[in-house]
1. Please give the length that would be gained between A:Glu69 and A:Leu39 if that part of the chain were fully extended, namely 0.36 nm times their separation in residues minus their C-alpha to C-alpha distance (nm, one decimal).
2. Is there a simple number for the mean count of other chain Cβ atoms within 10 Å of the Cβ of residues in A:221-230, and what is it?
3. Could you work out the mean projected area of the convex hull around the alpha carbons of region A:26-193, in square nanometres to one decimal?
4. Of A:Ile161, A:Ser271, A:Thr190, which is farthest along the charge dipole of chain A in the positive direction, counting Lys and Arg as +1 and Asp and Glu as -1 at C-beta?
5. Amide H to amide H, which residues 5 or more places from A:Gly284 or on other chains are under 5 Å from it, using H placed in the peptide plane?
6. Pull out a ≥ b ≥ c, the square roots of the eigenvalues of the alpha-carbon gyration tensor of region A:231-301, then state rounded if a/c is under 1.5, prolate if not and a/b is larger than b/c, and oblate in the remaining case.
7. Can you list residues whose amide H is under 5 Å from B:Leu74's amide H, if they're 5+ apart or on another chain and H is modeled 1.01 Å from N?
8. Under the rule a/c < 1.5 gives rounded, and otherwise a/b versus b/c splits prolate from oblate, where does region A:212-260 land using the Cα gyration tensor?
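Nothing in this text is a laboratory measurement; each read-out follows from the coordinates by a stated rule. Predicted, not measured: the structure shown is a model, and the values here were computed from it. Glycine also receives a Cβ, built like all others from the backbone with ideal geometry; neighbour counts cover every protein chain displayed.
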Amino acid sequence: MRVPGSLFLAMASLVMSLTVAVAVLPTQPSPPVPVADSLEALRAAVRAGGPPKDGIPAIDAPRFQAASEAGLAPDERVIGVHHNGVTRAYPQRILVWHEIVNDELGGEPVSISYCPLTGTALGFRRGDTTLGVSGRLLNSNLVMYDRATDSEWPQMLGVAIAGPLVGHGLDELRVVWTTWQRWQARYPETQVLTTETGYVRNYRRDPYGSYDPLGGYYRPESRPLFPVMHEDDRLPPKAEVLGFRSPHGAAAVTQSALAAQGVVELAVGESHYTVVHDPGLDTGWVFHNPDQQPIDPEALRFGAEGVSGSGIEGLAPVNAFEAMWFAWAAFYPDTLLVDGASP
Amino acid sequence: MTARHLRLATLVRTRHQWGALAGIALGYTLLYLWLSGDLAGGGQGGVWAIFPAWARILEARAPFRFEPVGLIELGPLVWTFSPLNLLLALLLGLLVGLNGLAAWRLWRAPRTCGLRGSGLGLLGSLPALLAGGACCAPLLLVWLGLPLAGALAGLSSWLLPLALLLLSLGLWVMTRRLPRQG
């Protein structure tokens, strides 16, 4: 069979452009974590969020200042990252207006993202491209797009659901959603994102509500704004959980259960995971612990690199992030939930 | 000058009528700016202004919604100032004011004349207010909740043109029914 020259050229250029795209944006050819819904179902559930593409502008040239000049309130929420020897805090009241910061940490290009409607902060390696806000939502969650291929990436999935990189998974890095007081205590030398973003916004006000005290959209009992693919009433819609996904399944632990138990052992699918509460940052660190290696909570130490101590060494860390329960359950309907008494 | 111009002119002849028009237009403008998020709380009591982003004056962040060029603090209020958003809000406010005056005149007119008011014009003010909230500031959506919020978000780009159309149409219908002399 003869292939027409023009068709051959078109196919070759498509393959080449995809190769170039994958080279500029580090991805994994298949998502590291099973996705509950088909890509078609996910695409069908995407809806307009109101602003158009880039109507919520990502920060592409972030500026930073010293912690002593930041003037943040102790209980103010920040998204913190410690990576490649660089420590930075991104105040939530700035990210609520921009949702993505295209930054560079120790020479590595990364995107720090935050979705106020699902209360989720995630970091991604972005290679030579940048990420932007598509203006679309999936399960109320920010749908990002990459400027190399225009593929669409729901933030919580980290998997492209449309575009040339459909089905590929982004490479994540751990960020911590905590208060300024806690972050500064752990990392006194941290740099802080300034309000010199290139845009004019009212950075003193969160248009959705308040985390201190809890109010507006962030109240645990308040309803989400947009329909979701799966509903689960085991917890109030906006209850905060620490979630992680693994090849064996997804799991979530409520903040209160994690704080009360200190170390949570979880059988997920046919494997085993350990979640360690970090009392300093009030977050959790997750490890794949297939041999159920015993961990002594008293022997754990918390520092700049996270948690260390007897039993932790040799375990593979798993990325985890805080999320509102309704959003976590909407993306991962089969999730395990630890909400207090028993796993 | 056409007959309609004459009728429109009779709406605002006295000082009271000018005052009413200015009051309604200004009130609506402030309400629009508040609901669209340009005007909000967060001020720390001072009075100052900076204008660092004049280059973005024509940059749209949504249909009929433009990037602020400056930040103005007025006591407890913070105004992210966009000249084009302000002009749009004033235009809408003026149309709402004229609709209000026309509706008032028709309501006050003798019943025997067979004159009736039109709710169309005032109804037209609602899509603009909703557009303000639906487009970029979620405040109104948070109040409204589901399922209206999702629907409004998708329609947001049509709400403001719809408001302008309804307000203009309402004014046209009412001025046709107005007597030439007040």
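1. My answer for the length gained is 6.2 nm.
2. Per residue, the number of nearby Cβ atoms from other chains is 3 on average.
3. For region A:26-193, averaging the hull's shadow over all directions gives 9.4 nm².
4. A:Ile161
5. Here the answer is A:Asp278, since their amide H atoms fall under 5 Å of that of A:Gly284.
6. It comes out oblate by the Cα gyration axes.
7. Residues meeting the amide H criterion: B:Trp79.
8. It comes out oblate by the Cα gyration axes.
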